[in-house]
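Below is one structure, written out as structure tokens, with a few remarks after it.
What follows is calculated from the coordinates using simple rules that are stated; it is not laboratory data. As the structure is a prediction and not an experimental result, all values here were calculated from the model. Neighbour counts run over all protein chains shown; Cβ positions are idealised from the backbone, glycine included.
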Amino acid sequence: MPSVAPGVAFGLEVVLAFVLVFVVLHVSQGAKEKGLLAGIAVGSTVALGALVAGPLTGASMNPARSFAPAVVTGTLDGLWIYVLAPLLGAALAVASCRILREGCCTLVPGDRSNHG
């Protein structure tokens with residue numbers, strides 16, 4: 001359960017998911033997709049999100065991470081925040097990726113021809 005108002009928690013979770021998915025999409029595309037720096041970038045994004053928003057919302061960033069504990073504890077009141085916000089944040093990240101980089105987020109499985 002968030003320790004801030006539901007609207008604030010929703011906004012924070014949207015931003016957290018957006019930033020995380022945006023970073024993952026950009027470090028997993030192109031020539032820089034392999035190596036230690038990609039893992040550091042993603043891990044640092046998760047750590048920073050947890051440090052900043054953890055005390056306020058729990059910094060879920062992933063609906064699956066919040067769903068099971070909510071069901072097990074029977075605390076379903078704020079679950080909508082942790083399901084809808086990350087999905088919206090991820091969708092916005094994919095849309096922005098497509099706008100900012102041609103060919104980003106448009107790969108067909110098995111087709112690496114437009115990888116860039």
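Sum up the charges of everything whose Cβ sits under 14 Å from the Cβ of L20, counting Lys and Arg as +1 and Asp and Glu as -1, but leave L20 out.
0
Could you tell me the ratio Rg/Rh of the stretch 6-100? Both radii from Cα atoms, Rh via Kirkwood.
1.02
Sorted by packing (mean other beta-carbon atoms within 10 Å per residue), highest first, where do 83-92, 40-49, 68-77, 15-24 land?
Packing proxy ranking, top to bottom: 15-24, 83-92, 40-49, 68-77.
Could you grab the relative contact order for the stretch 6-100? Cα pairs under 8 Å, six or more apart, rounded to a whole percent.
49
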